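Values quoted throughout were computed directly from the atomic coordinates according to the rules given, and no laboratory measurement underlies them. Since this is a predicted model, take the numbers as computed values, not measurements. Positions of Cβ are generated from backbone atoms using ideal geometry, with glycine treated the same way; all protein chains shown enter the neighbour counts.
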Amino acid sequence: MSINTFYISIFKPHLEKIGNFTLLKWGFYFAEIITTSKVFGSIYDKLRFRVGDKTYCFAYGNVSRCNFGVQMSFIGLLVSVYTLTLSIFKEYINVPPIMKWNEIDLCAFKLGLWVIIAPTLSGWFKRKFEKKYTQPQHHEDRMNKIQRMDKMLGGDVRKVRKMCRYTILILLISFFLLILEKLENKKKEKLKNN
């Protein structure tokens, strides 16, 4: 049995049954899980660190702000994983009613969560940076501190910002795909009824 025959006999009918929108949607959900986990991992592992019994967060000012970023991004990650698994399981098994959530509602929740998280973390970083490094005296000392901070935290803070933007973009595209999928399903129902 060749690969082409195997594909035509097994995978192709199954993929046609699932539909292009669903496969594309699953791809975007998976990309969202990757970007969300990168935000969570960067804040948890690199921007928030422990020395002995103390926890420090130099990027956002204090530990509670880093904890906010960790907790909110973890909630976003959990909801992303739940959305993908729910969407896949709905194709193959009957999901109990208590577990059924509308995918558009979940996407809107995640979008709202990330629209709040991203500017909040960015604003805290800017305020902390402006407060600490905008004194007009000792220009060389200030430049050395800025360079040291950029070397320590700059890459990770930029990574968090970039991944937050990617997550929001992916969520907007997913939201658009969900609406298109819903419209296509309504068209199919109308054709069946006529």
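Evaluating 6.51 cos²θ - 1.76 cosθ + 1.60 at θ = phi - 60° for every residue in the stretch 46-59, the Karplus couplings come out as 10, 8, 10, 9, 10, 10, x, 8, 9, 10, 10, 9, 7, 6 Hz, glycine and proline recorded as x. Anyone know which of 99, 72, 149 comes out most mobile in the 10 Å Cα GNM of the chain? Among 99, 72, 149, the largest GNM mean-square fluctuation belongs to 99.
For the chain, modelled as a GNM whose springs connect Cα atoms under 10 angstrom apart, the maximal fluctuation among 60, 166, 92 occurs at 92. The angle between the Cα long axis of helix 139-149 and the main principal axis of the chain comes to about 30°, on a 0 to 90 degree scale.
Among the listed pairs 132/159; 54/128; 110/145; 25/46, those whose Cα-Cα separation exceeds 26 Å are 110/145; 25/46. Exposure proxy ranking for 91, 130, based on other Cβ atoms within 10 angstrom of each Cβ and starting from the fewest, stands as 130, 91. For the stretch 22-193, the residue among 52, 88, 154 whose Cα projects farthest onto the positive side of the dipole built from Cβ charges is 154. Using only Cα atoms, tell me the angle between helix 103-133 and the longest principal axis of the chain; keep it within 0 to 90° and round to the nearest 10. Approximately 10 degrees, to the nearest ten.
Cysteines of the chain lacking any other cysteine Cβ under 4.7 Å from their own Cβ: 107, 164.
Counting only the Cα atoms, the chain fills a convex hull of 188 Å³ per residue.
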